[in-house]
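Engineer: Below: one structure in structure tokens.
The values are calculated or read from the model by the stated rules, or taken from the named source; none is laboratory data. Keep in mind that what you see is a predicted model, and the values were worked out from it rather than measured. Heads up, the Cβs are rebuilt from the backbone with ideal geometry, glycines too, and the neighbour counts pull from every protein chain shown. These accessible areas exclude ligands, DNA and RNA; they are computed on the full protein's heavy atoms, side chains included. Shrake-Rupley method; radii C 1.70, N 1.55, O 1.52, S 1.80 Å.
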Amino acid sequence: MFGTAFTRTASFMSLPFLSIYLSQHTDLNPFEIGWVLGMSGLGAAFGGFAGGYLSDLFGRRMILLLAAGTWTGVFFSFFFADTFIQLSLLNLANGMCRSFFEPTSQALMADLTPESKRLKIFGYQYTALNVGMVLGPLLGAYLFQAVGIRTFLFTGIAYAIYFLLLMQKLSRHRVRIQEVKPAERVRFINCIKVIRKDAALGYFVLAETLFFIVYSQIETNLPIHLTDDLGNSALYPILLTINALVVILLQSVASGWAQHKNILSSLSLGCLLFSTGFSAYAIGGSAPVYISGMVLITLGEILIYPVSSLFIDRLADERLRGTYYGTYNFAQIGLFLGPTLGGWILKTVDGSWMWWMMVFISLHMIWFYAFGYRVYAKKSGFSIVAVIRRVLIDLHLIRLIKFSLKIVPLISLLSLSSFLLFHNADDSLRSPKRTDMVEVRIPEDASLRQIADELEQKGIIRDGKWFPIYAISNKTLKDLVIQPGVYQISPKADLEDVMKIMSRGTFTVEIPPGTTVHEIANSLDYLGVERDRFLKAVKAESYDFSFLEELPDQERPYRLEGYLMPGQYEFRKGVTEKEIVTSMLMRFDRLATKNIRSELNQKGWTVDEWVTVASLAEERPQRQSPSDAAQEIYRRLQQGYVLENALSYPYSEIAAYNTHHRRGLPPGPINNPGKIALKASLDQIPSNKAPERQQPPGR
């Protein structure tokens, strides 16, 4: 028991954090990370039978020491591994060591314990394992932050200490261990025949394989999913600790309850709790949901693990106890298949679908347990009817079944009504097809009814009558609380996306008239919008506005300079750079109406020339009004004089924009003019007199 707690503390300091390390510090994708982590299960699956048989053949002591010694070397080697192949082979060896050690230790505990007390012993062992799961992640969270992959060195040291202690204790109790060894050794070929013909064992191996496929997601894909869903994986060590604490506090209670129940009753209840817990992960969205899911998973786990071990003990021939436990260990192939399958699903679809798939798989465990127990009951002389009756009594289901039969008509009516209501609500809340970004305003103290009207008016939902109920359920289950503010909603966002957007809150930025793209980027960077990503969005992204099609095809530092409309903006937290640019272009598009474009066209001016003049007017001396500045610019253009405007970076360093030596307009706007400058430039524009672009200076 001490060894289980000690070594599990050591291994849980490092192994649960391996997936985080691989995702953050290597180039491996989720599928490759799942493969590396799954190799442990592959080694455990194929090594268990050999380890169990060898412990029957050569004794428990030799196999335990061999496994513990090799395990120590494996953990030391993790520190030096840095390639996909090395990490895969080491985790394969880790699984093989576990497959030799754990079945042998279980067989030894069964050897030394009366049959009536074995369920408690298996429960105590599971409790000891979870003591390690409490201490290990707590130590690992600190060590992994401090020393990273060097955490595996501490694990190796702990295993080395345990190896020395184990060698001493097994030597001291050598005589007692020898006394419980089978008197007759069974040939390997006979073991194969016995195992192959035991259908009950086969069904239980299949059920446990599904168990490990699903359970492996906790150690592999859960931290990655938490990062995607909640923004970080800080909740992960807490969930592991909760899992272990529930085991420690309730394992003895669960074992005491299961001791007086039919094995199939305990396993069926455990599977239902297990599946329900993973459905909470599929819902996700908040820490309380994940915590409640972990509690339910653990309650199912503390019933499944010791009870299934007890069943294998009842199946096993005394001479083949180690072999039976080793064969049962083949179910750990699920630890290989699970991360690989989960990684592929996570890469292909979102995390919610992955967890629903795990719920679907875990429900099938009940069928395989039931088939296996049916074979065992038939061999033991129990009738199937008696087994089913005992399960129904144990789970207090007989009264429930009788009651259910009486209210079938009511259930049918309620089900039909619920279906129709759900269909109506789903159709009302469905997002109509949209092609443009829309702006949603949520005032302070807005009611859910008012928010529903706003969403309906902006075409985000078809009908707002069901929205208040939807919003309340999101607040309760996913902790999504709508915050007041102004939100830009892209046409690709569905209602679930919109709820997440509106729950994050907003920030405000003021863009003064005459600000350059470079200056806007600096202001946004201060508010958390990455400067380089914003400039990339200005340069590289394409935007669907008709006025941009009229821009001249010439090289400019920033193609959209002049068209990012100044003013006060309120953006949601987490807004993309492209959404910010789109919002600014939308304001300019609303200002540059068809009438204005038609007027410019009649007078022989383009939109780009109009905006360029307005940007030059923004650079006027303080004593001069925008109207006077625009009038002077037009006069100089008509008379062929240089404009002599002061320029901001980067235009002050580009020769083509030099207004002191080149006549005519610069190649494009030199900043983003405001409404006043744009109106002044439009009012003062001369008729039928197109300006010249920059020309080399003349005499």
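Engineer: Are any residues in segment 561-584 open to solvent by 40 Å² or more (accessible area, probe 1.4 Å) and either touching a His at 6+ places or on another chain (Cβ under 6 Å) or polar (S, T, N, Q) (or both), and if so, which ones?
Structural biologist: Of everything in segment 561-584, those that are open to solvent by 40 Å² or more (accessible area, probe 1.4 Å) and either touching a His at 6+ places or on another chain (Cβ under 6 Å) or polar (S, T, N, Q) (or both) turn out to be 568, 576.
Engineer: Looking at segment 341-382, which of its residues are in contact (Cβ under 8 Å) with a residue 60 or more places away in the chain, more than 20 Å from residue 297 (Cα to Cα) and open to solvent by less than 10 Å² (accessible area, probe 1.4 Å)?
Structural biologist: 343, 372
Engineer: Then there's this: Return a yes/no flag: does segment 550-560 have any residue that is hydroxyl-bearing (Ser, Thr, Tyr), open to solvent by 50 Å² or more (accessible area, probe 1.4 Å) and out of contact with any strand residue (DSSP E or B) (no Cβ under 7 Å at 6 or more places or on another chain).
Structural biologist: No, there is no match, as no residue in segment 550-560 is hydroxyl-bearing (Ser, Thr, Tyr), open to solvent by 50 Å² or more (accessible area, probe 1.4 Å) and out of contact with any strand residue (DSSP E or B) (no Cβ under 7 Å at 6 or more places or on another chain).
Engineer: Additional query: Only one of (1) touching a helix residue (DSSP H, G or I) at 6+ places or on another chain (Cβ under 9 Å); (2) at pLDDT below 75; (3) farther than 22 Å from residue 336 by Cβ is not met by residue 145, so which one is it?
Structural biologist: Checking residue 145 against (1) touching a helix residue (DSSP H, G or I) at 6+ places or on another chain (Cβ under 9 Å); (2) at pLDDT below 75; (3) farther than 22 Å from residue 336 by Cβ, the one that fails is (1).
Engineer: Now a separate question. Restricting attention to segment 634-656, and to residues there that are hydroxyl-bearing (Ser, Thr, Tyr) and surrounded by fewer than 20 Cβ atoms within 10 Å (Cβ to Cβ), which single residue is modelled with the highest pLDDT?
Structural biologist: Within segment 634-656, the first condition is being hydroxyl-bearing (Ser, Thr, Tyr), and the residues that meet it are 634, 641, 648-649, 651-652.
So of that shortlist, the ones also surrounded by fewer than 20 Cβ atoms within 10 Å (Cβ to Cβ) come out as 634, 641, 648-649, 652.
Values: 634: 87, 641: 83, 648: 78, 649: 79, 652: 79.
Among those residues, the one meeting the criterion is 634.
Engineer: For residue 180, state whether it is touching an Asp or Glu at 6+ places or on another chain (Cβ under 9 Å), farther than 16 Å from residue 1 by Cβ, open to solvent by 30 Å² or more (accessible area, probe 1.4 Å) and modelled with pLDDT under 70.
Structural biologist: Yes: the conditions hold for residue 180.
Engineer: Consider segment 509-523. How many of its residues are without any contact (Cβ under 8 Å) to a residue 60 or more places away in the chain and part of a strand (DSSP E or B)? Before the answer, list the steps.
Structural biologist: Step one: filter segment 509-523 for residues without any contact (Cβ under 8 Å) to a residue 60 or more places away in the chain, giving 510, 521-523.
From what's left, part of a strand (DSSP E or B): 510.
Number of matching residues: 1.
Engineer: Condition test on residue 587, is it within 23 Å of residue 564 (Cβ to Cβ), among the basic types (Lys, Arg) and surrounded by fewer than 21 Cβ atoms within 10 Å (Cβ to Cβ)?
Structural biologist: Yes; evaluated as a whole, the condition is true for this residue.
Engineer: Moving on to the next point. Mind checking which residues of segment 128-142 are open to solvent by 30 Å² or more (accessible area, probe 1.4 Å) and either in contact (Cβ under 8 Å) with a residue 12 or more places away in the chain or within 23 Å of residue 112 (Cα to Cα) (or both)?
Structural biologist: 131, 135, 138, 139, 141
Engineer: Hey, another quick one. Within segment 498-522, how many residues are out of contact with any Asp or Glu (no Cβ under 8 Å at 6 or more places or on another chain), among the polar types (S, T, N, Q) and under 17 Å from residue 578 (Cα atoms)?
Structural biologist: Qualifying residue count, segment 498-522: 1.
Engineer: For segment 150-163, indicate whether the set of residues that are modelled with pLDDT under 75, out of contact with any Cys (no Cβ under 7 Å at 6 or more places or on another chain) and in a helix (DSSP H, G or I) is non-empty.
Structural biologist: Going residue by residue through segment 150-163, those that are modelled with pLDDT under 75 are none.
Within segment 150-163, none of the residues are modelled with pLDDT under 75, out of contact with any Cys (no Cβ under 7 Å at 6 or more places or on another chain) and in a helix (DSSP H, G or I).
Engineer: Going by the structure shown, is residue 662 open to solvent by 20 Å² or more (accessible area, probe 1.4 Å), without any contact (Cβ under 8 Å) to a residue 40 or more places away in the chain and touching a helix residue (DSSP H, G or I) at 6+ places or on another chain (Cβ under 9 Å)?
Structural biologist: Taking the combined requirement at face value, the residue satisfies it.
Engineer: Taking interchain pairs and intrachain pairs at least six residues apart, which have beta carbon atoms under 8 angstrom, with the first residue in segment 297-324 and surrounded by fewer than 24 Cβ atoms within 10 Å (Cβ to Cβ) and the second modelled with pLDDT under 80 and basic (Lys, Arg)?
Structural biologist: Taking only residues 6 or more apart or on different chains, the pairs are 310/118; 313/118; 313/321; 319/185.
Engineer: Is it the case that some residue within segment 70-92 is open to solvent by less than 20 Å² (accessible area, probe 1.4 Å), modelled with pLDDT of 80 or more and over 37 Å from the mean Cα position of the chain (by Cα)?
Structural biologist: No.
Engineer: Name the helices (runs of 4 or more DSSP H) wholly within segment 561-661 that hold at least 2 residues that are touching a strand residue (DSSP E or B) at 6+ places or on another chain (Cβ under 7 Å)?
Structural biologist: Passing ranges, in order: 577-591, 607-618.
Engineer: Hey, another quick one. If you scan segment 525-550, which residues turn out to be touching a Lys or Arg at 6+ places or on another chain (Cβ under 7 Å) and of a type in the set (A, V, I, L, M)?
Structural biologist: Across segment 525-550, the qualifying residue is only 537.
Per-residue answers, yes or no, for (1) out of contact with any Ser or Thr (no Cβ under 9 Å at 6 or more places or on another chain); (2) open to solvent by 60 Å² or more (accessible area, probe 1.4 Å):
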| residue | (1), (2) |
| --- | --- |
| 591 | yes, no |
| 602 | no, yes |
| 621 | yes, no |
| 632 | yes, yes |
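Engineer: Which residues, taken from segment 199-210, are open to solvent by 10 Å² or more (accessible area, probe 1.4 Å), hydrophobic (A, V, I, L, M, F, W, C) and within 24 Å of residue 380 (Cβ to Cβ)?
Structural biologist: 199, 205, 206
Engineer: Taking residue 492 and the conditions (1) outside any helix (DSSP H, G or I); (2) surrounded by 15 or more Cβ atoms within 10 Å (Cβ to Cβ), which numbered condition does it fall short on, given that it satisfies the others?
Structural biologist: Failing condition for residue 492: (2).
Engineer: Counting only residues that are open to solvent by 10 Å² or more (accessible area, probe 1.4 Å) and touching an Asp or Glu at 6+ places or on another chain (Cβ under 6 Å), how many does segment 227-282 have?
Structural biologist: Total satisfying the criteria: 2.
Engineer: Can you work out which of the residues in segment 19-39 that are modelled with pLDDT under 75 and open to solvent by less than 10 Å² (accessible area, probe 1.4 Å) is farthest from residue 126 (Cα to Cα)?
Structural biologist: 34
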